[in-house]
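In what follows, a structure is listed as structure tokens, so that the remarks can point back to it.
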Amino acid sequence: MLILASASPRRHELLTQAGLTFRAEAANLNEDLLPNEAAAAYVQRLAEEKAQAVWNAHRASDRSEDPLVVLGADTCVVVEGHILGKPADSADARRMLELLSGRTHAVLTGIAAITAKKTVRDLDITQVTFNVITDAEVGRYISSGEPLDKAGAYAIQGYAARWIPRIEGCYFNVVGLPIARTIALLAQAQLDTPVAEKV
């Protein structure tokens, strides 16, 4: 049994697209950055904490013939040393988009898979380049509502695609889940279990 420890519709869509059978459940954790915590450590910690919280809630359903596997993920955007999560409000979204305008930034996603026998982790990083965005474009984008629940205040698969001339790395990582790395991680998590990966 595979559970995705996330309420993200993007992650749900990507796992479904990859042919996995799973259910989704949000972990509802405090996602505040710890003092002096680096971006890579931050997303990996949250991915693991989300997976662990959901695994703990469902440990009773772990069976030798159908082992429980919980997948956690967390994504952040880093530009010039600033870690950007989801914007608090429209003003915060504007601040983030102005930081991204005309620059290349990194998108980091930490992933973790937990079973009764082990915890495995990975990290994916994609470099994303933005064109310069005008104030009017930023205003239009914010008024659409799209940036408000996205790390870095944009969705590469949405309207913001018009500002992104190139990326280096995994496109799906920027959407919210590096699929190839995730499939490999799930396979690694289940190496000691008798049931093959559900696809």
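The values are calculated or read from the model by the stated rules, or taken from the named source; none is laboratory data. Values in this document were obtained by computation on a predicted structure and should not be read as measured data. Note that each Cβ is placed from the backbone with ideal geometry, even for glycine, and that neighbours are counted across all protein chains shown. The protein model used for the area step is the full one, side chains on, heavy atoms only, and it has no ligands, DNA or RNA in it. Shrake-Rupley method; radii C 1.70, N 1.55, O 1.52, S 1.80 Å.
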*Say we look at segment 119-153 and pick out the residues that are within 16 Å of Phe172 (Cβ to Cβ) and open to solvent by less than 10 Å² (accessible area, probe 1.4 Å); which of these is modelled with the lowest pLDDT?*
Gly152
*asked:* So, restricting to strands (runs of 3 or more DSSP E) that lie completely within segment 1-87, which ones have at least 2 residues that are at pLDDT 95 or above and open to solvent by less than 10 Å² (accessible area, probe 1.4 Å)?
replied: 2-4, 69-79
*Return yes or no: is Gly102 of a type outside the set (Phe, Trp, Tyr) and open to solvent by 20 Å² or more (accessible area, probe 1.4 Å)?*
yes
_Need a quick list: helices (runs of 4 or more DSSP H) entirely within segment 118-199 having at least 3 residues that are more than 14 Å from the chain's Cα centre (by Cα) and hydroxyl-bearing (Ser, Thr, Tyr)._
135-144
*Determine the pairs where a residue that is within 16 Å of Ser8 (Cβ to Cβ), located within segment 169-183, has a partner that is among the acidic types (Asp, Glu) with Cβ atoms under 6 Å apart, the partner being 6 or more residues away or on another chain.*
Asn173/Asp124; Pro178/Asp124
